[in-house]
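Notes for the one structure printed next.
The values are calculated or read from the model by the stated rules, or taken from the named source; none is laboratory data. The structure displayed is predicted, hence computed values, not measured ones. Every residue, glycine as well, gets a Cβ built from its backbone with ideal geometry; the counts of neighbours run over all protein chains shown. All accessible areas refer to the heavy atoms of the entire protein, side chains included, with ligands and DNA or RNA removed. Shrake-Rupley method; radii C 1.70, N 1.55, O 1.52, S 1.80 Å.
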Amino acid sequence: MINIKENVSQFEGKFNQALKKGERKSSTVQVVAVIKNSPIQLTKEIIQEGFNHLAENRPEGLLEKQNELNNQNITWHFIGNLQTRKVKEIINRIDFLHSLDRLSLAKEIEKRAENSIACFVQVNISGENSKSGIHPDKLEEFITQLADYPKIKIIGLMTMAPLLGDETVIRSVFSRLKICQEQIAKKKLPYAPCTELSMGMSGDYQIAIEEGATYIRIGSSFFKSN
Ligand SMILES: *Cc1c(COP(=O)(O)O)cnc(C)c1O
């Protein structure tokens, strides 16, 4: 059985602990509920619990959920790999893109977006081959090149820590992302304020909050069986 209320209450306990430990204010950390594996009924329940930032990782999933949840006041996030040929289907239906990782994607967004779009550049801090994202050494160059795409606004950086890493490794991935973020932010590029950090999932959000996350992406903590 999946008890959303119970899951939310467990989450909130740990979330508040992390805020305290990291000396963070709750208003500085936006929780994004990742609904990629959750059926529509459970998605409605998480909205009822007050979570109105939702994320999908497949264009089909996004369109399906948007159709079923019409008229609700939801902020939509896209996470995970976005195929260039799918950009036109979703780019005008989302508020945040967490996975900008290549110029070909930027180019397609520039062509298809009707308005400016808030993007996180995905960075592969951990260096795992299986993970997408820009290598940290290539980040500055990539951000510089994005000046040519005025519809793209770089609000911050995103990363994923290794799933099986121990706490020290995970913490160092998050703190290195913050260092990259600060380096970009201090350039004061008008198109790349880069003030935000999208980091932390169900297994590691407490560490991410302590290390400065401003967006955390939470799926299984909300939708797990009890
Ligand atoms: C699935 C997913 C999440 C959420 O993961 P959980 O461990 O279920 O919280 C966060 N970010 C990305 C990019 C994902 O694909």
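Here is how the numbers come out for the structure above:
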{"read-out": "Size of charge dipole - the chain - debye, nearest 20, with Cβ of Lys, Arg +1 and Asp, Glu -1, no other charges", "value": "300 debye"}
{"read-out": "Percentage of interatomic Cα-Cα distances in the chain larger than 32 Å", "value": "15 percent"}
{"read-out": "Over segment 1-114, equivalent-ellipsoid semi-axes from the Cα gyration tensor in Å", "value": "28, 19, 11"}
{"read-out": "Heavy-atom surface of segment 4-223, accessible at 1.4 Å and reported per residue (Å²)", "value": "48 Å²"}
{"read-out": "Segment 4-223, relative contact order in percent, only Cα pairs under 8 angstrom and at least six apart counted", "value": "22 percent"}
{"read-out": "Positive-end residue, the chain charge dipole about Cα centroid, Cβ charges, pick of Ala208, Met160, Leu103", "value": "Leu103"}
{"read-out": "The chain: DSSP helices with Cα axial extent of at least 20 Å and average Kyte-Doolittle hydropathy no lower than 0.5", "value": "none"}
{"read-out": "Theoretical ellipticity at 222 nm over the chain - DSSP helices of four or more residues, -39500 (n - 2.57) apiece, nearest 500", "value": "-11000 deg cm²/dmol"}
{"read-out": "Distance violations [Cα-Cα > 32 Å] among Lys107/Lys188; Lys44/Lys186; Lys5/Lys111; Lys131/Lys151", "value": "Lys44/Lys186; Lys5/Lys111"}
{"read-out": "Fraction of accessible area attributable to carbon and sulfur, the chain (%, probe 1.4 Å)", "value": "46 percent"}
{"read-out": "Pairwise centroid distance, computed over Cα atoms, of segment 192-226 with segment 110-147, Å", "value": "19 Å"}
{"read-out": "For the chain, share of DSSP beta bridges that run antiparallel, in % to the nearest 5", "value": "5 percent"}
{"read-out": "Projected-area mean, segment 57-106, by convex hull of Cα positions, square nanometres", "value": "3.3 nm²"}
{"read-out": "Computed over segment 2-64, the ratio Rg/Rh where both radii use C-alpha atoms and Rh is Kirkwood", "value": "1.02"}
{"read-out": "Whole-percent pair-distance distribution, where bins are 5 Å wide, for the alpha carbons of segment 133-226", "value": "2, 13, 23, 21, 17, 11, 7, 3, 1, 0"}
{"read-out": "Dipole of segment 11-113, positive direction: furthest Cα of Gly61, Pro39, Ser26, with charges on the beta-carbon", "value": "Ser26"}
{"read-out": "Amide H within-cut-off set for Met158, under 5 Å, with H built and near neighbours excluded", "value": "Val121, Gln122, Val123, Ser198"}
